[in-house]
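Presented below is the structure to which this report refers.
The values are calculated or read from the model by the stated rules, or taken from the named source; none is laboratory data. Just so we're clear, the structure is a prediction, and the values are computed from it rather than from any experiment. Virtual Cβ from ideal backbone geometry, glycine too; neighbours counted across all protein chains shown.
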Amino acid sequence: MVQNPSPALQKWFSEDPPAFGRELREKLFYFDPEYIPLNHGSYGGTPKPVQEYFDEVDKRIEANTDLFMRIDLAPLLADVRERAANFLGIETDECYLVTNASLGLNTIMRNFVWNAEDVIVTTSVTYGSIQKTAEYIRDTPPNPKVSVMQLIFPTTHAEIIAKFRAHIECLVKARTSFAQNWGLRKKCNVKTAGKGKIVAIIDSIVSTPGMLMPWKEMVEICGEYGVWSVVDGAHSIGNEQGINLCEALPDFWVSNAHKWLTSKKSCAIMYVPQRNHHMFRTAIPTSSVYPSGSLKATYDWNGTIDWANYMAVNAALDMREWLGGEEKIWEYCHGLAVDGTRRLAEILGTQLLDKTENLEFTTMMCEVGLPISSSVPGTSEVDVAFKRKMLVERKAFISNYYHNGKFWARCSAQIYNDVGPYLPLPPPSILASLPLPGTSTDTEIRCRWKTLKKLDGSSSKFVRRLTRNSVARIRRERGRRRT
């Protein structure tokens with residue numbers, strides 16, 4: 001039971017929570033009734049209780065801004081940090097709030113004192129703006145190096161761990177005095193040997209493909225070799241089980257709270273362990289207390305923002321407790337991601353990208369192939385055409401991308417989804433989104449759909465519900481074509 005909820009939350013928590021799926025969507029979210037949201041991973045979605053709590057705090061700020069900023073803010077911020085820290089298994093003075101994960105990671109990377117001998121390690125699937133951050137640092141004097149580890153899916157956690165260890169080991173050998181060997185340095189993509197530091201940017205969950213990485217094992221490898229570990233956990237909090245930062249012990253970690261934790265956009269949680277406070281010279285922007293030597297003082301105030309975004313983290317945590325807790329949410333969303341995308345792959349005649357027996361890469365996101373020929377180029381024009389078709393004409397969206405010579409869709413499962421939308425989606429939406437040479441036709445996929453319906457005797461109620469939805473959509477499509 002939620003203890004002492006604010007007035008904005010009392011009216012919600014005094015009732016039993018709605019069932020996950022359509023009932024919860026209609027009661028707790030603001031979605032357009034015609035829209036099929038399967039892309040929670042990109043921007044999240046703010047529930048009504050969280051939004052109303054945000055509004056309550058915002059009105060409090062505007063009622064007496066000076067009182068809030070000068071007196072009320074500090075204890076409220078401390079309370080949010082304490083709750084977020086408890087959620088992650090860390091100390092309050094190791095937990096700080098920033099506007100988004102990209103800002104947090106940029107702040108961390110720009111607090112290192114760089115030398116020409118230093119190396120930043122990324123992968124070929126590092127998030128775009130974070131890869132560009134590494135390249136910007138490389139292009140800025142004293143010009144440290146960037147070493148990119150190639151990562152191609154499908155693969156396994158064991159293969160990634162082995163590859164990462166070999167990559168780090170190669171870099172460590174190349175920087176030491178006994179390895180003044182050009183061949184080794186060239187192999188490791190490092191042109192300068194020396195005793196510079198190595199900083200590895202590690203995804204906990206890759207953006208695209210949306211795969212859970214063996215990041216804890218990668219952090220452990222960093223520790224073995226004296227490498228700094230900076231974890232991009234943008235998709236982690238609320239989406240990954242058992243984060244336990246006090247056990248994983250990365251050097252830095254950042255995660256968006258407005259994504260899977262369903263807090264208000266935008267807010268991220270940044271973990272800076274006590275052992276690394278000394279190297280954190282400034283926030284971005286720099287606080288008026290610089291150089292205070294206190295990370296808390298730095299982040300208590302470094303410019304005017306809408307602090308209600310940060311306060312809403314408490315409301316999100318309260319709501320998740322009211323709904324049944326993290327384990328219940330995980331079981332529902334993970335199961336939905338797996339079941340829904342497996343069905344979707346059957347209909348589309350494709351397959352999942354996670355081919356491991358125990359689905360070790362899958363969280364609440366799952367990757368399914370799109371029925372588009374490999375002869376179609378993965379260009380920005382194709383990407384824009386797909387997105388426009390889905391959003392403007394079909395009122396549905398999944399994150400699509402090109403990887404390893406194929407087109408894929410990243411499907412997000414959230415507490416407001418149910419399995420139904422995963423299956424009605426392809427016939428009217430995906431299959432017609434890209435009328436390109438080599439793309440599976442409408443007829444081909446409808447045939448697979450009908451075959452699947454006939455073969456599926458194990459879940460007749462499920463199939464009947466989906467069939468009704470699918471037939472209704474097909475009829476609407478035919479009606480549009482006639483007019």
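From the list E82, E91, E117, which residue is assigned by TED's automatic domain parsing to the domain that holds G210 and without any contact (Cβ under 8 Å) to a residue 24 or more places away in the chain? Let's see the steps before the verdict.
Details: E91 fails: without any contact (Cβ under 8 Å) to a residue 24 or more places away in the chain; E117 fails: without any contact (Cβ under 8 Å) to a residue 24 or more places away in the chain.
From the options E82, E91, E117, the qualifying one is E82.
Restricting to segment 316-357, give me the number of residues that are hydrophobic (A, V, I, L, M, F, W, C), modelled with pLDDT of 95 or more, within 21 Å of the chain's Cα centre (by Cα) and under 30 Å from P49 (Cα atoms).
Going residue by residue through segment 316-357, those that are hydrophobic (A, V, I, L, M, F, W, C) are 316-317, 319, 322-323, 329-330, 333, 336-338, 344-345, 347-348, 352-353.
Retained after the next criterion (residues that are modelled with pLDDT of 95 or more): 316-317, 319, 322-323, 329-330, 333, 352-353.
Subset that is within 21 Å of the chain's Cα centre (by Cα): 316-317, 319, 329-330, 333, 352-353.
Checking the rest, the ones that are also under 30 Å from P49 (Cα atoms) come to 316-317, 319, 329-330, 333.
Selection size over segment 316-357: 6.
From the set of residues in segment 101-135 that are part of a strand (DSSP E or B) and among the hydrophobic types (A, V, I, L, M, F, W, C), which is nearest to the chain's Cα centre (by Cα)?
Once the filter is applied, the top-ranked residue is V121.
Do any residues in segment 321-349 that are at positive phi have Cβ atoms under 8 Å from those of residues that are surrounded by fewer than 16 Cβ atoms within 10 Å (Cβ to Cβ) and modelled with pLDDT under 95, where the two are at least six apart or on different chains, and which pairs are they?
Note: pairs meeting the criteria are G349/E444.
Looking at (1) touching a helix residue (DSSP H, G or I) at 6+ places or on another chain (Cβ under 9 Å); (2) part of a loop (DSSP other than H, G, I, E, B); (3) closer than 30 Å to P214 by Cα, which is the one condition that is false for V376?
Tallying (1) touching a helix residue (DSSP H, G or I) at 6+ places or on another chain (Cβ under 9 Å); (2) part of a loop (DSSP other than H, G, I, E, B); (3) closer than 30 Å to P214 by Cα, V376 fails exactly one: (3).
For segment 323-368, which residues satisfy the criterion of being under 26 Å from I415 (Cβ atoms) and small (G, A, S)?
Within segment 323-368, G324, G325, G335, A337, G340, A345 meet the criteria.
Mind listing whichever residues of segment 278-300 are of a type outside the set (S, T, N, Q) and either touching a residue at least 60 places away in the same chain (Cβ under 8 Å) or under 30 Å from K11 (Cβ atoms) (or both)? Write out each step before concluding.
Filtering segment 278-300 down to residues of a type outside the set (S, T, N, Q) leaves 278-281, 283-285, 289-291, 293, 295-297, 299-300.
Answer for segment 278-300, where residues must be of a type outside the set (S, T, N, Q) and either touching a residue at least 60 places away in the same chain (Cβ under 8 Å) or under 30 Å from K11 (Cβ atoms) (or both): M279, F280, R281, A283, I284, L295, K296, Y299, D300.
Which residues, taken from segment 136-154, are out of contact with any Phe, Trp or Tyr (no Cβ under 7 Å at 6 or more places or on another chain) and either within 21 Å of P214 (Cβ to Cβ) or assigned to a strand (DSSP E or B) (or both)?
So the first thing to find is which residues in segment 136-154 are out of contact with any Phe, Trp or Tyr (no Cβ under 7 Å at 6 or more places or on another chain), and the list is 136, 138-141, 143, 145-148, 150-154.
Across segment 136-154, the qualifying residues are K145, V146, S147, V148, Q150, L151, I152, F153, P154.
Can you tell me which residues in segment 387-407 are within 22 Å of P154 (Cβ to Cβ), surrounded by 16 or more Cβ atoms within 10 Å (Cβ to Cβ) and without any contact (Cβ under 8 Å) to a residue 60 or more places away in the chain?
So in segment 387-407, the residues within 22 Å of P154 (Cβ to Cβ) come out as 398-407.
When the remaining residues are screened for being surrounded by 16 or more Cβ atoms within 10 Å (Cβ to Cβ), the result is 398-403, 406-407.
Correct list: N400, Y402, K406, F407.
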